[in-house]
C-alpha cells in the first residue's frame, strides 16, 4: 500500500491553483500556491475570495495561517 | 489490558472509507483515507461532502488539517 | 499534597465509560475509553452521541482529536 | 520587578477552588484544583457548572483541556 | 531596520495596564500585567471585564491562556 | 521552481502596512508591521480597526497572537 503524507500532498500542489476553506470563514480562497511549510501555512498569489461559488474580490498575494486551514483541494 | 493509541487507530483505517467531522463545519466529509500523519492531518480521495446524511457535492481529493478534525469514524 | 496530572487522570479512565464534550459541538460523546495519548486524543468504542441527555445515535468506534476536547468526565 | 509566570500562578492554586471559562461555552466551571500541567490542562474535583452565576449541575471530577481554557481565576 | 519580536513587546508591558481581547468573547479584559511567558499566557492583577467600553465586573487576579489571546494593546 | 516559505513572505513585509484578518472577528486590523516571529505573532504600529472597509477606531500599537491569524495581505 502506498501512503501519501498529507503535507507531501499539499507540497505537490505548488505551482497549481488550489481552493482553501478557512476556519470560521464563510468564504473560500482560490489562488496559485507559491509556498507551503510543515504547518500548512500557505502563500498564494492571484488569490480571489469566493462566497457560494461567486467571486467576491481579488486579494492578490496572501498568507494563510496553517492551523486555521480546514480543507485544501486542487482547483481544476 | 490492550491500549490502542488514537493515531494508530486512524493509521489502521488507511485504504478504508472514513467519515470526518471538522470544527465549525455543518457538513461532514466521507472519503477513502490515503494518508495520515501524527497530527491527524488527513489525505482523502473520492471525498464527498454530506449535510444531514444528504450528499452535497463531490470533492475528489482533499487534505484536511488535523487540528480542525473533531471526530473520525470508519464508514461501513 | 498529592497532585494528579490531568493526562494521568484520563489514562486512569482507560477501560471505563467516559463522557466527552467537544468544542463547537452541541452534542456530547459517551463511550468506553480504549486509548489515549499525551495530546488527549481519544479512542472510544461503543460510542453514542447525546444531545441534552437524549441519545441521538450510535457511532461505534470513534477517534476524537485532543485539541478539540473541552471536558472529560467519568460516566457513572 | 517580580515577574510571576502564568503557569506558576495556576500551580499555586492547587488545593484551592477555582473558576474556569472554557472556549465556546456559555457556562463556567467551578471546582477544587487537584492537578495542572504546563499546557494548563486542569483536573478538578467537586466541579460544578454555572451559567450566569446560577448553578446548573454537579459534575464531580473533570479534566479540562488546556488549549480550550480561556480564563482562570481563584474563587473566593 | 529595528525589528521588535511580538513576545518581547508583550514582556515590555509587564507592570503596565493592558487591554486583551480573547477569542470567542464579547468582553475585553483590562488589568495590570504581572507575568507573561513565550506562549503569551498572561497573568493580570486588578483585572476588570469590559463590554462595549462599559465596565461589567471586577475579576481581581486572572490567568489568560495564550492561544486564546487575539489582541493585546497597552492601555493608556 | 522558486518556493517562498509563508513565514519568509510575512517577514518580507516588515516595515510595510499590512491587513490582517483574525479568527472569530468581524473586523480587520491594518497597521505597519514592526515585528513577526515564526508563529506569525505580529507586532503592528499605527494600527486601525476596520469593519466592512470602514474605519472603526485607532488602536495604536498592538500585538496579535499568531494562531488566531487567519489571513495576512500587504496593503497597497
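When both segment F:1-75 and chain D are represented by their alpha-carbon centers, they are found 32 Å apart.
Shielding value for F:28-35 is 2, the average number of Cβ atoms from other chains within 10 Å of each residue's Cβ.
Computed packing ranks the peptides D:65-71, A:6-12 as D:65-71, A:6-12, most packed first, by mean other Cβ atoms within 10 Å.
Our summary gives segment F:6-74 a relative contact order of 32 percent, counting only alpha carbon pairs under 8 angstrom and 6 or more residues apart. Residue by residue along B:39-49, Cβ atoms of other protein chains within 10 Å of the local Cβ number 4 on average.
Divide by every residue of chain D the summed helix terms, -39500 (n - 2.57) for each DSSP H run of at least 4, and state the resulting mean residue ellipticity at 222 nm, rounded to the nearest 500 deg cm²/dmol.
On the way: 1 runs with 6 residues, N = 76.
The per-residue figure over chain D is -2000 deg cm²/dmol.
Sorted largest first, the principal axis extents computed over the alpha-carbon atoms of chain C equal 41, 23, 23 Å.
How big is the convex hull of the Cα atoms of the protein assembly as shown, per residue, in Å³?
Value for the protein assembly as shown: 150 Å³ per residue.
For a Förster distance of 25 Å, can you work out the FRET efficiency between the beta-carbons of residue D:75 and residue D:4, rounded to the nearest 0.05? Efficiency, rounded to the nearest 0.05: 0.85.
Evaluated at q = 0.16, 0.24 Å⁻¹, a Debye calculation over the C-alpha positions of segment D:23-64 (equal weights, vacuum) places log10 I(q)/I(0) at -0.40, -0.81.
On average, how many beta carbons from a partner chain sit within 10 Å of the beta carbon of a residue in D:15-21? Could you put the intermediate results ahead of the total?
Details: counts 3, 0, 0, 1, 2, 3, 7.
Mean partner-chain Cβ count within 10 Å for D:15-21: 2.
Bear in mind these aren't lab numbers, they're just calculated from the coordinates by the rules spelled out. Note that the coordinates shown come from a computational prediction; the quantities given were computed from them, not determined experimentally. Cβ: placed from backbone, ideal geometry, glycine included. Neighbour counts: every protein chain shown.
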